[in-house]
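Taking it in order: structure first as structure tokens, then the write-up.
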Amino acid sequence: MCGIIGYAGGENSARAVDVVLESLARLEYRGYDSAGIAIVADGEIVQVKKAGKLQGLLDELDKHPLPPTSTAIGHTRWATHGSPTDANAHPHMSFDGRVTVVHNGIVENHGELARGLAERGIQPISETDTEIVAHLLALALADTGDLTEAMRMTVRELEGSFTLVAVAADSPGTVVAARRNAPLVVGLGDGENFVGSDVAAFVSRTQRAIEMGQDEMVTIRPDSVSIQTFDGTPVDRAEFHVDWNVDAAVKGGFDTFMEKEIHDQPSAVRDTLLGRMSPSGSLQLDELRIDESILRRIDKIIVVACGTAAYAGHVAKYAVEHWCRIPVEVELAHEFRYRDPVVSEKTLVVAITQSGETMDTLMAIRHAKDQGAKILAIVNTHGSTIARESDAVLYTHAGPEVAVASTKAFVAQITAAYLLGLYLAQLRGNKYSDEVVTYLDELMKMPDRVAEVIARADEIKALARDMKDVTSVLFLGRHVGYPVALEGALKLKELAYIHAEGFAAGELKHGPIALVEDGQPVFLIVPTPRRPLLHAKVMSNLREVSARGARVLCIAEEGDTAVDEFAHAVFRIPETPTLLHPLVSVVPLQIFALALATEKGLNVDQPRNLAKSVTVE
Ligand code: M6R
């Protein structure tokens, strides 16, 4: 939530405005209800901010261009405190006009701090918690004369979560940032440096980055980066390389990021598999700071995640339990923490997250850690908080996912979770290495199968055109098809704003079948006929809804003619082993949601009310 960029360029660099505006375009996916920029020029701060999409800000800047400068900060907002208005947009300037700040997070004690400021005659002009921080910074700066010191004094007064990035009128070439429970990464340039809420902020300009730890702050200047803790202890941290392809963050000829990211899925699966097998046939994880003897002893796995990532965890449960004979629970991260879960030193908590910043998931792993569990994170974003705070990390190599609706991250998460399952199965002796290799070979065939499904996108788009006026769609699946049904429904809700429900197909007769009436659209994910029992059960479900007048749309394998008699339309997927089915069966559902939203003229990449990275609880 909220995209943040700070830039300190060299004396001769006058391009700060361009750098920040380009970054805001890359960060708009994090929040898009207002945008703003502030610069330091000639001993003054000049800022422009507008409610609405970034384009509104760009139009304003076309009419009233900013002067050339080397120091700037910018922000795209996802509102928490205060509605999306020009006044509530960031940056927020201090009462004396000498400091301005952008913020991601929530300052929980802002009310109390505001009362303290009121006693000194300082009244806010916006409804935000952030403005309070600007005033506190200005007071501290007046005392100390140093922006870094002022930031350190200010953050000590704040409770809650925040990334703050500030500039001061009297400190050209200096940007100071601080973080607690919210994301912040430093980008290392040549004669210029950056801070951003994620690497997308600066990856087009540098692929060298430094992670920021909890309760740390950083001062960037064109030729220096200095990190310290909130209590002033210097921090020396190694840089890392951002291995994202810069071109991955542009639409590449597609109309929307989502469509492009759907097409990225074969490579997301392929790249996540790449380099995982050592020549001796054993699996490699990226960062494993858990002793293998501990992994051999674990007696339970709990997956914590939210939204689409949680559905990837649901899929993985079927494979990991089958391969490793370890019980796997899948828990929504926000429920996990508040229900006193049974966790011990023998529990492995697996956090699945694209952004690596989802606050609910972060809080869940911290809670699990406190109970003695080991944490393994499946993460897409390098340098993210959850990757850093976990005992082991398995990166999905999906590249940057910009569309709010997750697509390629989902298939990459399933792939990575399967790698984890195979690794554990091998380590614990549940599978011989040749068996692992057989599964990996099957996984290696998946990118081509996913590509085959994508190549038939027009069939599903035609279906969507035909269904543009539907008001409710049901999704049914059994076994691994069940989480796929949940994901299909989620995609439709978030993109097309249509009421959609996913059900376990067997649950239907226990209540939801009452919803089925003449013409009710029902998507049915049909398992491979090579699992006859499972297939037969789903066929029964197909007959049940069909008998009640449903308009049934089947996702079924090539050659599965049994469905033809009852289905109104069949979308074919290639023959695939049961456990790998979700990697292909989810794709038509993603395309359907995209196409229906497009038919309805909706903004596919930035659906209403949503943010890509949910960094508040
Ligand atoms: O970044 P994360 O994977 O932790 O995000 C989790 C969910 O917020 C995310 O999957 C969300 O449900 C997507 N909008 C779904 O398309």
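Solvent exposure of region 3-248, expressed per residue, is 37 Å² of accessible area, with all protein chains present and a 1.4 angstrom probe.
Rounded to the nearest 20 debye, the dipole size of region 275-323 about its Cα centre is 100 debye, using +1 on the Cβ of Lys and Arg and -1 on the Cβ of Asp and Glu.
Decide, for region 253-454, between rounded, prolate and oblate: order the square roots of the alpha carbon gyration tensor eigenvalues as a ≥ b ≥ c, take rounded if a/c falls under 1.5, and otherwise choose prolate if a/b is larger than b/c, else oblate. Oblate is the answer for region 253-454, as a/c is 1.5 or above yet b/c matches or exceeds a/b.
Residues HIS581, HIS499 ordered from highest to lowest accessible area at a 1.4 Å probe: HIS499, HIS581.
Between rounded, prolate and oblate, where does region 3-248 land on the alpha carbon gyration tensor, with a ≥ b ≥ c its root eigenvalues, rounded for a/c under 1.5, else prolate if a/b exceeds b/c? Each step should come with its number before you reach the end.
Details: a/c = 1.40, a/b = 1.15, b/c = 1.21.
Judged from the Cα gyration tensor, region 3-248 comes out rounded (a/c under 1.5).
Net charge of the neighbourhood of GLY196, taken over other residues with C-beta under 11 Å away and scored Lys/Arg +1, Asp/Glu -1, is +2. Sorting 36-45, 226-235 by their mean Cβ neighbour count within 10 Å, with the most densely packed peptide first, gives 36-45, 226-235.
With contacts taken as Cα pairs under 8 Å at a separation of at least 6 residues, region 129-245 carries a relative contact order of 20 percent. Which of the three applies to region 1-145, rounded, prolate or oblate, going by the alpha-carbon gyration tensor with a ≥ b ≥ c and a/c under 1.5 meaning rounded? Oblate, since a/c reaches 1.5 and b/c is not below a/b. The H on the amide N of GLU557, modeled in the peptide plane, is under 5 Å from the matching H of ILE573, each at least 5 residues off or on a different chain. Counting only DSSP beta bridges with both residues in region 253-454, the antiparallel share comes to about 15 percent. Relative to the longest principal axis of the Cα atoms of the chain, the long axis of helix 532-547 makes an angle of roughly 80 degrees. Bridges between two residues of the chain, per DSSP, are antiparallel at a rate of about 60%. Computed over region 457-599, relative contact order equals 30 percent, with contacts defined as Cα pairs under 8 Å that lie 6+ residues apart.
Excluding ligands, DNA and RNA, the accessible surface per residue across region 253-454 is 34 Å² with a 1.4 Å probe. For the chain, the relative contact order works out to 12 percent when only alpha carbon pairs closer than 8 Å and six or more residues apart are counted. The C-alpha atoms of the chain define a longest principal axis, and helix 433-455 lies at about 80 degrees to it. The helix-only estimate of mean residue ellipticity at 222 nm for the chain, built from DSSP H runs of length n ≥ 4 each weighted as -39500 (n - 2.57), is -11000 deg cm²/dmol after division by the residue total. Under 15 Å from the Cβ of GLY9, count the other residues' Cβ atoms, weight Lys and Arg +1, Asp and Glu -1, and hand me the total. That works out to -3.
Packing here is the average count of other Cβ atoms within 10 Å per residue, and on that basis the peptides 539-549, 348-358, 310-320, highest first, run 348-358, 310-320, 539-549.
Averaged per residue, region 457-599 has 36 square angstrom of accessible surface, using a 1.4 angstrom probe with ligands and nucleic acids left out.
Taking the 1.4 Å solvent-accessible surface of region 45-116 as the whole, the part contributed by carbon and sulfur is 55%.
Rounded to whole Å, give me the distance from the Cα center of region 288-350 to that of region 81-133. Cα centroid of region 288-350 versus Cα centroid of region 81-133: 41 Å apart.
Farthest towards the positive end of the charge dipole of region 3-248, among the residues MET151, GLY52, LEU113, is the Cα of GLY52, using unit charges on the Cβ of Lys, Arg, Asp and Glu.
Axis of helix 581-599 versus longest Cα principal axis of the chain: the two differ by about 60°, to the nearest ten degrees.
The values are calculated or read from the model by the stated rules, or taken from the named source; none is laboratory data. Note that the coordinates shown come from a computational prediction; the quantities given were computed from them, not determined experimentally. Counting neighbours? That spans all protein chains shown, and the Cβs are built from the backbone with ideal geometry, glycine included. The accessibility values were calculated without ligands, DNA or RNA, using every heavy atom of the protein model including side chains. Shrake-Rupley method; radii C 1.70, N 1.55, O 1.52, S 1.80 Å.
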